[in-house]
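Working notes, structure below.
Read the figures in this text as sums done on the coordinates, not as results from a lab. Everything quoted here is computed from the prediction, not taken from an experiment. Cβ atoms come from the backbone with ideal geometry, glycine included; neighbour counts cover every protein chain shown.
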Amino acid sequence: MLWSAYGVTDAEGGIMPTYEFACKKCGKKFAVMMSIGERESKRIRCPKCNSLRVVSRVSTFCAVTSKKS
Ligand SMILES: [Zn+2]
């Protein structure tokens, strides 16, 4: 018997969540796949206008729903 679909959540260190960003400058929305460590250190640039003024949107990894406006 094959247990092929067993333990799919056990991806310690191997998970690559996708983060969504939106550019404040041109409004371009884009997604970047990177590790959590990369997210801390990496400077995200807009692929369209190369601006660093990007804001992170809802990530597929950690969807925090704090509605503050
Ligand atoms: Zn842009």
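Among the residues of the range 14-30 satisfying the criterion of being more than 16 Å from the ligand (Cβ to nearest atom) and assigned to a loop (DSSP other than H, G, I, E, B), which is surrounded by the fewest Cβ atoms within 10 Å (Cβ to Cβ)?
G14
Tally up the residues in the range 31-59 that are within 13 Å of the ligand (Cβ to nearest atom), surrounded by 12 or more Cβ atoms within 10 Å (Cβ to Cβ) and in a strand (DSSP E or B), please.
Total satisfying the criteria: 1.
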